[in-house]
1. Pull up all non-local amide H partners of SER176: gap of 5 or more, or a different chain, and H-to-H distance under 5 Å with H placed in the peptide plane.
2. Specify whether the C-alpha gyration tensor of segment 114-203 places it in the rounded, prolate or oblate class, a ≥ b ≥ c being the square roots of the eigenvalues: rounded for a/c under 1.5, otherwise prolate if a/b is larger than b/c and oblate if not.
3. Across the Cα atoms of segment 30-159, what radius of gyration and what greatest pairwise Cα-Cα distance (Dmax) are found, in Å?
4. What list do you get for ASP212, ASP13 if you sort them by fewest beta carbons within 10 Å?
5. What shape does segment 1-42 have by the C-alpha gyration tensor, where a ≥ b ≥ c are the square roots of the eigenvalues, rounded means a/c under 1.5, and otherwise prolate means a/b greater than b/c and oblate the rest?
6. Check every DSSP H run in the chain and write down those whose alpha carbon atoms cover 18 angstrom or more along the long axis and whose mean Kyte-Doolittle hydropathy is -1.0 or greater.
7. What number do you get for segment 41-100 when its Cα radius of gyration is normalised by 2.2 N^0.38 Å, N = residues?
8. From the Cα gyration tensor of segment 164-308, with a ≥ b ≥ c the square roots of its eigenvalues, which class applies: rounded if a/c is under 1.5, or else prolate if a/b is larger than b/c, or else oblate?
Amino acid sequence: RPRVLSGIQPTADSFHLGNYLGAVRNWVSMQDTHDAFYCVVDLHAITMGHDPVALRNRTRLSVAQLLALGLDPDRCTLFVQSHVPEHAQLGWVLSCITGFGEAGRMVQFKDKSAKAGQDSTSVGLFTYPILQAADILLYQADQVPVGEDQRQHLELTRDLAQRFNTRFGQTFTVPSAYIVKDTAKITDLQDPTSKMSKSASSPNGIIELLDDPARSAKKIKSAVTDTGREILYDEENKPGISNLLTIYAALTNRAIDELLEMYDGRGYGDLKKDLAEVLVEFVKPIQERTRAYLDDPAQLDKILAIGAEKARAVSAVTLAAAYQNVGFVSPA
Ligand code: ATP
Ligand code: MG
């Protein structure tokens with residue numbers, strides 16, 4: 001089984017539909033095909049400024065949602081990044097073989113730092129992709145599922161792995177991008193040409209899994225749709241209705257063509273009304289399960305302790321090899 005690693009940032013209280021349909025849903029199915037490592041990357045979540053109480057809450061909320069959505073600690077390794085000190089330790093070593101100019105070419109850093117302004121941009125935001133490389137290389141991951149936005153960071157990870165191996169001897173598996181077929185890219189309901197995003201979407205543009213279902217239903221019904229009345233899948237000319245069809249198809253495991261047949265001759269209103277119902281039925285049990293995990297903090301802690309132990313069993317071996325190969329004296 002190929003090993004896979006992926007992470008999600010605890011930067012909001014709730015995951016949104018794009019996080020689930022574009023990422024976590026695949027994480028769930030990869031439990032059957034891969035040796036899967038999933039982490040809530042709290043070290044990454046402090047690069048942009050944060051509130052400590054919110055961070056602690058969101059980390060637990062993220063874990064509870066991942067479990068509620070179908071991650072099974074018996075079939076994957078689920079852990080919190082800061083519980084595994086090797087991430088920060090390897091991050092330092094890798095930062096010493098990364099060029100300053102090389103790191104400066106990362107598009108996500110340029111975007112985010114331009115928005116924040118120089119004085120509010122931390123060095124941590126700059127070195128973020130190097131820590132991300134450490135996250136991946138520590139587990140000798142063969143594959144990393146990546147969306148468009150993460151492609152450049154994976155390229156850096158591959159470069160650093162090769163560079164380290166060449167300079168200091170074979171240490172890291174060089175990971176490849178894992179492209180998941182049928183991965184849904186979900187767009188903003190109010191601005192269907194941009195992606196649904198925790199940080200960039202307006203409240204009415206985003207469907208949060210933990211939001212009041214009645215509110216989410218309303219947001220679906222007031223989603224921006226396109227001129228014309230016919231229900232067609234056409235991302236270019238009908239991005240709004242196409243997004244709704246994508247969501248509908250993903251939530252019901254139907255093909256888009258099947259939906260087009262079902263709604264042949266019917267109006268946007270019918271589609272929205274039905275999708276709103278599908279969505280409400282989808283989020284209800286997720287919310288219940290999330291609540292149940294949150295209501296049992298001792299169990300959640302235990303799951304995380306086991307996850308951290310499983311993660312460290314791998315990461316400690318890799319870090320020891322990296323330290324050895326780079327020339328550090330092993331402690332007696
Ligand atoms: P932020 O706006 O703070 O970057 P985000 O909504 O992009 O938050 P992340 O935590 O950065 O969420 O991403 C977690 C996972 O969800 C990643 O694998 C990412 O590719 C995926 N993802 C995020 N938004 C979407 C979307 N609109 N459609 C499909 N997948 C998405
Ligand atoms: Mg993102």
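1. Amide H neighbours of SER176: GLN143, VAL144.
2. Numbers: a/c = 3.59, a/b = 1.50, b/c = 2.40.
Oblate shape, in that a/c is at least 1.5 and b/c is the bigger or equal ratio.
3. Both quantities, over Cα of segment 30-159: 15.4, 46 Å.
4. Values: ASP212 12, ASP13 15.
Result, fewest neighbours first: ASP212, ASP13.
5. Details: a/c = 3.71, a/b = 1.62, b/c = 2.29.
It comes out oblate by the Cα gyration axes.
6. Values: long enough: 52-68 (24 Å, 0.32); 123-137 (22 Å, 1.33); 151-168 (26 Å, -1.18); 239-252 (20 Å, 1.07); 268-294 (38 Å, -0.31); 297-326 (41 Å, 0.49).
Once both thresholds are applied, what remains is 52-68, 123-137, 239-252, 268-294, 297-326.
7. Details: Rg = 14.3 Å, N = 60, 2.2 N^0.38 = 10.4 Å.
Compactness ratio reported: 1.37.
8. Working: a/c = 2.40, a/b = 1.45, b/c = 1.65.
Here segment 164-308 falls in the oblate category.
We did not get these values from a lab; they are worked out from the coordinates using the rules stated. Because the structure is predicted, anything quoted here is derived from the model rather than measured. Neighbour counts are summed over all protein chains in view; Cβ atoms, including those assigned to glycine, are modelled from backbone coordinates with ideal geometry.
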